Amino acid sequence: MEQLTGTIIYYNQHGEGVAFYNTKPVYIYGTIKGEEILYEIQQTHPTYYVGKLIKILKPSINRNYHNIKNSHLIGGYDLIHMNDSEQRKFKEEKVIQDFKKIAHTDITKLDWIEGKQKTKYRNKITVHDGNFYQKNSNETIDIDDFLLSSIKWDKSLKGEVIYRKLDTLIYGYKHEKKYTFDSMFEYQFRVGLNSFYQVNKEVAILAYQYIIDNLLDNGITLDLYSGIGTISIIASNKSQKVIGVEINSDSYNDALYNKEINKIKNVDFYNKDVSSFIKEYKESVDTLILDPPRSGVDKRTLNLIKDIIKPKRIIYMSCNPATQASNFNILKKDYHLSKTAVLDMFPQTYHIESIIVLDRNNQ
Ligand SMILES: C[S@@+](CC[C@H](N)C(=O)[O-])C[C@H]1O[C@@H](n2cnc3c(N)ncnc32)[C@H](O)[C@@H]1O
């Protein structure tokens, strides 16, 4: 196969370096912006190629040298070849570009929020037949040490097994009712095996602090997609009243339990889909907190938020800046972007967490 030389110009959404061949982009895993490389074309698609790195001719000063065997096959090690500052540049630039392309909005100021722990930060792993899924594949790879978590797993267990380690390690299959406990700020939280809980506690605390710092004091706070009630409970002593809405009954039951053990009186949880909840909601809202799954908030809910609920402020936390930008595009006639934070919740991976603070125009 023909070997080509190229220069990495920018990154695609998965943090792969992009060079050009025949005026089409070539995505090359494991490369860094500015590097000159030798590569070959592995796949041809109508609008792009996938290339394989053969040799780095001129390395970037931001290259991280490591000797992890088969790192290119292990899901979650996507940015392992970049040092911290290059990973930060990729993540900040991705959020800026998503808002520019999707919401036609220029972000001029970003807050960068990171923790100290860049490896072994995950408190949850999912293992398949004792192994890990390979990147973008149904094949597994047998590894002895997972760089992103210190959890030790049992290689002999068959099927998909979830492990979560907070105060104690719990593990089991999806349907099992098992709990582990954690504390954040002055509150205790019960977390079920199947409930949502942020995987990187150090950065989650910084994210929640950012949300609390931007909450409107003593108001009505509506926390949509409330999970086990973390944000609702943490926001309770800065709010007159908090309403949390969560569709998953395991997470909702943890939220009720957490309200009880923390002796919180001014929080109500509802086990509902946010769009059916919001259709019937009649009270006013000062701060609306949104923390949806990767798919973002559905259009109907967004329209009800801007036309009927009309909160003074929206604090929107997201693990997918592209859907966050697309949701902001719908809200932007009524709300302006007051703050943007990019969080390094998932070091070594291309995944990004971001928080935007929106204020209603003409309040
Ligand atoms: C990213 S998690 C946020 C959890 C919580 N805010 C936290 O910080 O731990 C998203 C949550 O939204 C819930 N969810 C997904 N779709 C929903 C819907 N249509 N209505 C209500 N909750 C939903 C999921 O079950 C999950 O608990």
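Throughout, read-outs are computed from the coordinates displayed, never taken from laboratory work. Because the structure is predicted, anything quoted here is derived from the model rather than measured. Reconstructed Cβ throughout: ideal geometry from the backbone, glycine too, with neighbour counts over all protein chains shown.
Along the axis of the charge dipole computed for the chain (Cβ charges of +1 for Lys and Arg, -1 for Asp and Glu, origin at the Cα centre), the listed residues N361, N136, I151 are led at the positive end by N361. Here the convex hull built on the C-alpha positions of the range 4-61 has a volume of 69 cubic angstrom per residue.
Normalised Debye scattering of the range 1-143 at q = 0.15, 0.21 Å⁻¹ gives log10 I(q)/I(0) of -0.92, -1.38, counting only Cα atoms as equal scatterers and leaving out solvent. Just checking the listed ones, K116, K178, K238: in the Gaussian network model of the chain with Cα springs under 10 Å, the one fluctuating most is K116.
Our Cα-only numbers for the range 124-172 put the radius of gyration and Dmax at 10.5, 33 Å. When DSSP beta bridges are restricted to pairs lying wholly in the chain, around 70% turn out antiparallel. Taking Cα atoms only, the orientation of helix 201-213 departs from the longest principal axis of the chain by about 50 degrees.
Pairwise inverse Cα distances across the range 168-280, averaged and inverted, put the Kirkwood hydrodynamic radius at 14.4 Å.
Computed from backbone phi, the HN-Hα couplings of the range 145-155 come to 9, 9, 4, 8, 8, 9, 5, 9, 10, 9, 5 Hz, rounded to whole numbers (Karplus: 6.51 cos²θ - 1.76 cosθ + 1.60, θ = phi - 60°; Gly and Pro given as x).
Could you work out the mean projected area of the convex hull around the alpha carbons of the chain, in square nanometres to one decimal? Average projection, Cα convex hull of the chain: 19.5 nm². For the range 36-133, averaging the sequence separation of C-alpha pairs within contact (under 8 Å, six or more residues apart) and dividing by the residue count gives a relative contact order of 17 percent. Of all the options I61, I247, I309, the one that moves most in a Gaussian network model of the chain with Cα springs shorter than 10 angstrom is I61. Computed about the Cα centre, the dipole magnitude for the chain is approximately 360 debye when only Lys and Arg (+1) and Asp and Glu (-1) carry charge, each at its Cβ. Under 16 Å of direct C-alpha separation, and excluding same-chain neighbours fewer than eight residues apart, K299 reaches these lysines: K279, K310, K332, K333. The protection proxy used here, the mean number of other Cβ atoms lying within 10 Å of each residue, ranks peptides 341-349, 182-190 as follows, highest first: 341-349, 182-190.
Amide H contacts for E35 (H built 1.01 Å from N in the peptide plane; partners 5 or more residues away or on another chain; cut-off under 5 Å): I8.
Viscosity 0.692 mPa s, temperature 37 °C: Stokes-Einstein D of the range 212-363 from its Kirkwood Cα radius, in µm² per second? The estimated diffusion coefficient comes to 211 µm²/s.
Over the C-alpha atoms of the range 88-211, the Rg to Rh ratio, Rh being the Kirkwood estimate, stands at 1.04.
Relative contact order of the range 178-286, taken over Cα pairs closer than 8 Å and 6 or more residues apart, is 26 percent.
Exposure proxy shown here: for M317, M1, the number of other Cβ atoms within 10 Å sets the order, fewest to most, as M1, M317.
Each Cα pair under 8 Å and six or more residues apart adds its sequence gap; the mean of these over the residue count of the range 124-175 is a relative contact order of 40 percent.
Here is the link list: K120/K312; K116/K265; K100/K124; K24/K135; K152/K265; K201/K263. Which ones come out longer than 30 Å on Cα distance? Among K120/K312; K116/K265; K100/K124; K24/K135; K152/K265; K201/K263, the Cα-Cα distance tops 30 Å for K120/K312; K116/K265; K100/K124; K152/K265.
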